[in-house]
Amino acid sequence: MHSLACVHMETSGGGTAQHHFVCPISLQPMQDPVTAPTGISYDRRAIERWLANGHATCPVTGRPLSLTDLTPNHTLLRLILSWHPASKVAPDVAPTLEPDDPEVAVLVAKVMSPTSCPTADVLCEAAASAAVNITARRCMVRAGVQWRVLRLFSSCGKTSSRAVMPTVEACLALLDALDVSADELRPLVSGNHDLVDALTHVLVTLENETYSGGVGNRNKTRDSAVRLLDSVTESADMVLLERLRPELFRAVTAVVRDRTVSPGATCAALRALLNACPSGNGKNRVLIAEAGAAHEAIELELSSWPSSPSGKSRRVTELVMALLARLCACAEGRAAVVAHPAGIALVAKRALRVSAVTDTSAVRVLAAVCGRAASPEVVREMARVGAVGKLCCVLQADCDRDVKEAARAVLRVHSGVWCGSPCVSAYLLSRYL
């Protein structure tokens, strides 16, 4: 309430309230402001990304915070729009922040030095500072540290020399601490093949035995690399996505398989795979399916779902189901789901138990694997594991019309077979068809 009062006072005083419209995380004008119980307002996309990456605290105050704690700040949104009515969001008017801490000023100067490249020690020191000090992070972002580090990573990440690996690790640690968003990356990612090639080389190197660091450093570096890849694939255009290589998908799938990585890195790997195969990119769908992503996603869901699901486990489930639905648009993806002993059963079990997003994805998967070309074995398994009964429940539930129509279409195609099955209620089929 105090910050909101300041906005009112300074807005009426002649437009000096501009800095109140800037998200503390992205340092960009807020488009959809939400407020935490601590009283701090954030842009919804930025704070949701922060929480999805495994954080459970308010980035400014350090107090516990979850996604359900956030409430839309309609008053602040109206102030932003009234202050700059010509557009839907306020322009980029965040002030240039000068470091108050001399140590931060020295670090920024070392990283941004025009005469020499920053050493790994300097980058690590800057990463440690940005990770714990939000003011230091703001100063580094406003000074353009992320651009310098991204260029350094793009040039060093493609080499096979072990001598540059500490610099690569430090670059990734600093970029992770700065939490570079997809929007911030978009100007640099467009047409930047070097950055994608560097990420591919680093992730592949971390996956095989050529990596010389310890297990702890390996996992930490891989976490940072896959988070960066998540942002890169989100901001990449179709031309850049077409250049992604099979070895990159195998390396990202290995992150999904690895149970020693952080939950945030696992979610980032799933999002990167989703981002890499949008509608219209059938090639990448096939490559991701051939990399074993569908199998590993199912295994992840089987191992990660607790008896009392939390917000994090629900988010993992939503990503897993969305990825399976995306992959089932190709024959290789459908075959992978059917080939897994628990594939169809798992998808059916998750429907109507997690969220509306999961319901949509689950029905899409079942509709894809049990279409008109489905084998008799798949049709029988649908009945045996309860998938047919779950589709009937979808017709009774409060689901979207498109979801219900997809479920009804599957039931109609195979109703003749399922009506004679002892595993299916003929009454339900006749009632809803």
Search result, residues across region 55-98 that are open to solvent by 70 Å² or more (accessible area, probe 1.4 Å), of a type in the set (Val, Ile, Thr) and modelled with pLDDT of 80 or more:
71
Of these, 346, 352, 366, which one is assigned to a loop (DSSP other than H, G, I, E, B) and within 27 Å of the chain's Cα centre (by Cα)?
352
For region 401-424: of the residues being more than 16 Å from residue 365 (Cα to Cα) and open to solvent by 50 Å² or more (accessible area, probe 1.4 Å), which is nearest to the chain's Cα centre (by Cα)?
401
Count, please, the residues in region 152-171 that happen to be at pLDDT below 85 and in a helix (DSSP H, G or I).
1
Would you mind finding the one in 274, 319 that is under 20 Å from residue 49 (Cα atoms), open to solvent by less than 10 Å² (accessible area, probe 1.4 Å) and aliphatic (A, V, I, L, M)?
319
Please find, within region 109-130, the residue that is surrounded by the fewest Cβ atoms within 10 Å (Cβ to Cβ) out of those that are aliphatic (A, V, I, L, M) and more than 13 Å from residue 170 (Cα to Cα).
109
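The values are calculated or read from the model by the stated rules, or taken from the named source; none is laboratory data. As the structure is a prediction and not an experimental result, all values here were calculated from the model. Here the Cβ is made from the backbone with ideal geometry for all residues, glycine too, and neighbour counts use every protein chain on show. Each accessible area value is taken on the protein alone, full model and side chains, heavy atoms only, with ligands, DNA and RNA left out. Shrake-Rupley method; radii C 1.70, N 1.55, O 1.52, S 1.80 Å.
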